[in-house]
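Q: The structure follows.
The values are calculated or read from the model by the stated rules, or taken from the named source; none is laboratory data. All figures in this text were calculated on a predicted structure; none of them were measured in a lab. Glycine gets a Cβ as well: all are built from the backbone with ideal geometry, and neighbour counts include every protein chain shown. Protein only, heavy atoms only, side chains kept; ligands, DNA and RNA dropped before computing areas. Shrake-Rupley method; radii C 1.70, N 1.55, O 1.52, S 1.80 Å.
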Amino acid sequence: MNHKPRVRFAPSPTGYFHVGGARTALFNWLFARKLKGSFILRIEDTDEERNKPEWIKGIYDALNWLGLNWDEGPYRQSERYQLYKKAADKLIEQGNAYYCECSKEDVAARALPNSTPGYDGFCRDKNLGPGPKRALRFKVPPIGVTVVDDIIRGQVEFAHSSFEDFIIVKSSGGPIFVLANVVDDADMGITHIIRGEEHLPTTPKAILLWKAIYPDIPIPRYAHVPLLVNEKRQKLSKRRDPVALEDYKNQGYLPEAMLNYLVLLGWAPKDGREVLNLDEMINEFSLEEVNLSPSFFDVKKLRHFNGIYIRDLSDKDFISLCEPWLNTSKIEKTSNNLETFSKLAPLVKQRVEVLGQVIPMVEFAFADEVEIDEKSWQKSVLKNKDLSLAILSESFEKFLHLDWDVESLHKSLEEIGQNLGLKLSKTQASIRVAITGNSVGLPLFDSMVIIGRDICLLRISKAIERLKLELSD
RNA sequence: GCCCCCAUCGUCUAGAGGCCUAGGACACCACCCUUUCAAGGUGGAGACACGGGUUCGAAUCCCGUUGGGGGUGCCA
C-alpha cells in the first residue's frame, strides 16, 4: 500500500468563515503536505435553505488568504445529487433503508419520556414507497456496537441501541449530510477524515452507511480534533463570538501569525519553541500528538504573535502591507506624504501588534494642525505650567538654528533640562505633546527630524500661545 | 432524559511511573534598559478537580465522583 493520503476540508457555507474552520483546514493541510498527499476542498451545500453564495466565496477568500491551497476541487455537493440518489437506491434495494411518512410532530409525540428519544421505527415495516412528505430512513441494526477508531481519541464505542433510524434523504429529495459525506468520501478516495469533535457522535452513523454502501472500500481513518471554545468554554459560535477570519484580516492580523497561533491550539512542537514557520509546521506536525481537550481562542496571545511577525517584516513589506489602511485614512497620498510615511514606518513597525494601529500612530505627522489630546496636555504641560512654558520657549529659540538631526535635538533638550533641574524624560514631555499631540508615541527626535523643522517650530509656538492664554485665565 | 468526549498555572501547553521542589509561552506585577511608548533583559505571583485503588513509588495506570463540553434536526 503506497497510497498517498487524501484528506478533505468540507466546510458548509452557512455563515462567514471562522477561526475554528481555519484550524481544521490547517490541520488537514499540514497532514497532507507532510505526507505528500492531497488536500481536497469540498463545499457541503446540501442545506438548500441556509446556503448563500457569498459564504462560498468567503471560504475561498479565507483559504487563499491563509495560503492553504487545495489540490482538488472545490467540489460542490449540490452538483452531485445523482450520486447520493444512487447510493440511496442501493440502500433501499438492499433493505437497509425505508420510507417514512411521520412528521416531526408525530415523532415527538411518540417519543418515550426519559429514554433514548427520537424516532421509534414507526414506519420501519410498513414497506412504504416514495412519495411527497416521505423521508428515507436508514435501518440501524438493533443490536451491536459500532466502533470509531480515532487517531486522536482511540477506540470509541457506540451502542446501536443509543441511536434511532436516522434520516438520510429529506422529503425534498435532498441528501442529509452524513449520506452525502459518505458517498463523497468514498467517491473521492478519502483516506483520512480530520474534522471537529462535534462530528464524533455522528461518525458511527457514517460508518454504518459506509459498510452498507461500500462493503469493499476500507473505511477512512478518523481524527476528531478538539473544539475551539470561548471564554465560557462553549464551542465557538459564529453568532455570539468574534471569530470571523475576515475580521481579523481587516484588523491587520497577518496570515502567518494566524496560522502559527492556530497550530498551537491543541498541538505543540516537541521542544519549547512556539514561533514556527510553515515548513517547520509541516515537518513537525503530527495528528497523533494532538490534544484531547478543547482550547480557548485567546486573542491576546494571537496579538502577541502578530506583533512578532510584524516586527519580523522588512520595512518594505511592512509599508506595502500598510497600504489598505493608508488608503482608507485621511492621509492624502501625495508623494511627499508617502515619503514621510516610509520614513516613519520603521519606527512604527516595532510598536504595533496589528496593522490597524498604524495610522493613529502616524497621523500627527500629516495633519495641518495637531489635534492635542486633552489628557496629555493636562498631564505633560498644564500640570507644571511655568516649567512647561520655559521648556517650550527655550527650545523654540534653540531649535531655530540647531542642526536638525536626532543627536543635536537630544543634546539640546538635555541641556535645557539640566538648567531647569529636569531629566530628559520630563523635559521632552511637553515638547512631545506640542508636536505630536500626545504624551506617548514614536521616538520624538526621529519624528521631529522626519516632519521637519518648520512644522515643529510652528507647533511649539502654537503650544506656547495656548499655554500663555491658559496661564492668564 | 439518553449517548459520547474532556479534565496540569487565568489562558495555550510540556509532562507517556521515579529526571517534578511540575518546565515554557501569553496575560499580570516589580525592577533594569530607556527621550514617551514599545521591544529586550532579570525576577515574582500562579496549576496537577476530588475520592478510592494499583505500585517500593503516580500529574502520569484503573475505578468512581464532581465539573465542563459536544451530540441527540427532513442543519452541517
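Q: Pairs please, first residue from segment A:270-285 and modelled with pLDDT of 95 or more, second anywhere and within 9 Å of RNA strand B (Cβ to nearest atom) and in a helix (DSSP H, G or I), Cβ atoms under 7 Å, 6+ apart in sequence or on different chains.
A: Partner pairs satisfying both residue conditions: A:Val275/A:Ile308.
Q: Since A:Asp184 meets every condition but one in (1) open to solvent by 40 Å² or more (accessible area, probe 1.4 Å); (2) at pLDDT 95 or above, which condition does it not meet?
A: Checking A:Asp184 against (1) open to solvent by 40 Å² or more (accessible area, probe 1.4 Å); (2) at pLDDT 95 or above, the one that fails is (1).
Q: Residue by residue through segment A:292-341, note down the ones that are touching a residue at least 24 places away in the same chain (Cβ under 8 Å), open to solvent by 50 Å² or more (accessible area, probe 1.4 Å) and either of a type in the set (S, T, N, Q) or not in a helix (DSSP H, G or I) (or both).
A: Within segment A:292-341, A:Leu292, A:Ser293, A:Pro294, A:Phe296, A:Lys330, A:Glu332 qualify.
Q: Then there is this: Yes or no: segment A:345-353 includes at least one residue that is more than 18 Å from A:Glu470 (Cβ to Cβ) and open to solvent by 70 Å² or more (accessible area, probe 1.4 Å).
A: The answer is yes, given that some residue of segment A:345-353 is more than 18 Å from A:Glu470 (Cβ to Cβ) and open to solvent by 70 Å² or more (accessible area, probe 1.4 Å).
Q: Would you mention how many residues in segment A:101-114 are part of a loop (DSSP other than H, G, I, E, B), on the phi < 0 side of the Ramachandran plot and either surrounded by 13 or more Cβ atoms within 10 Å (Cβ to Cβ) or modelled with pLDDT under 85 (or both)?
A: Number satisfying all stated conditions: 5.
Q: If you check A:Leu63, A:Leu128, which single one turns out to be of a type outside the set (Phe, Trp, Tyr) and touching a helix residue (DSSP H, G or I) at 6+ places or on another chain (Cβ under 7 Å)?
A: A:Leu63
Q: Please indicate, with yes or no, whether at least one residue in segment A:170-184 is within 18 Å of A:Glu44 (Cβ to Cβ), under 27 Å from the mean Cα position of the chain (by Cα) and either in contact (Cβ under 8 Å) with a residue 60 or more places away in the chain or more than 10 Å from RNA strand B (Cβ to nearest atom) (or both).
A: yes
Q: Does any residue of segment A:200-220 turn out to be away from RNA strand B (no atom under 12 Å from the Cβ), in contact (Cβ under 8 Å) with a residue 12 or more places away in the chain and surrounded by fewer than 16 Cβ atoms within 10 Å (Cβ to Cβ)?
A: yes
Q: Restricting attention to segment A:1-17, which residues are at pLDDT below 95 and either more than 13 Å from RNA strand B (Cβ to nearest atom) or in a strand (DSSP E or B) (or both)?
A: A:Met1, A:Asn2, A:His3, A:Lys4, A:Tyr16
Q: Can you find, within segment A:263-278, the residue that is nearest to RNA strand B (Cβ to nearest atom) among those that are open to solvent by 30 Å² or more (accessible area, probe 1.4 Å) and over 20 Å from the mean Cα position of the chain (by Cα)?
A: A:Gly272
Q: Next question, about the same structure. Pairs only if they're at least six apart or on different chains, beta carbon under 6 angstrom, first in segment A:99-111 and over 23 Å from A:Lys85 (Cα atoms), second open to solvent by 40 Å² or more (accessible area, probe 1.4 Å) and within 8 Å of RNA strand B (Cβ to nearest atom); list them, first residue then second.
A: Correct list of pairs: A:Ala111/A:Pro117.
Q: Restricted to segment A:148-163, and to residues that are assigned to a strand (DSSP E or B) and over 14 Å from A:Pro201 (Cβ atoms), which residue is most open to solvent (accessible area, probe 1.4 Å)?
A: A:Gln155
For (1) assigned by TED's automatic domain parsing to the domain that holds A:Thr14; (2) part of a helix (DSSP H, G or I); (3) of a type outside the set (D, E, K, R), each residue gets a yes or a no:
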{"residue": "A:Asn69", "(1), (2), (3)": "yes, no, yes"}
{"residue": "A:Lys85", "(1), (2), (3)": "no, yes, no"}
{"residue": "A:Tyr99", "(1), (2), (3)": "no, no, yes"}
{"residue": "A:Leu128", "(1), (2), (3)": "no, no, yes"}
{"residue": "A:Gly131", "(1), (2), (3)": "no, no, yes"}
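Q: Taking segment A:361-416 only, how many residues are of a type in the set (Lys, Arg) and within 13 Å of A:Gln428 (Cβ to Cβ)?
A: Residues that pass the stated criteria total 1.
Q: Looking at A:Pro117, is it under 29 Å from A:Tyr222 (Cα atoms) and at pLDDT below 95?
A: Yes, satisfied.
Q: Kindly provide the set of residues from segment A:121-147 that are within 43 Å of the chain's Cα centre (by Cα) and farther than 20 Å from A:Thr202 by Cβ, ordered by number.
A: Listed by number, the residues that qualify are A:Pro132, A:Lys133, A:Arg134.
Q: Next up: Being open to solvent by less than 60 Å² (accessible area, probe 1.4 Å) and not in a helix (DSSP H, G or I) is the filter here, so list the residues in segment A:71-83 that pass it.
A: A:Glu72, A:Gly73, A:Pro74, A:Arg80, listed by residue number.
Q: Next question. Can you tell me which residue within segment A:376-419, out of those that are in contact (Cβ under 8 Å) with a residue 60 or more places away in the chain and within 14 Å of RNA strand B (Cβ to nearest atom), is surrounded by the fewest Cβ atoms within 10 Å (Cβ to Cβ)?
A: A:Lys379
Q: Can I ask one more? Test A:His224 against the criterion of being open to solvent by 80 Å² or more (accessible area, probe 1.4 Å) and near RNA strand B (Cβ under 8 Å from one of its atoms), and give yes or no.
A: No; evaluated as a whole, the condition is false for this residue.
Q: Sort through A:Leu467, A:Leu457, A:Leu422, A:Leu471 and tell me the only one that's over 45 Å from the mean Cα position of the chain (by Cα) and buried (at least 21 other Cβ atoms within 10 Å of the Cβ).
A: Result of the check over A:Leu467, A:Leu457, A:Leu422, A:Leu471: A:Leu467.
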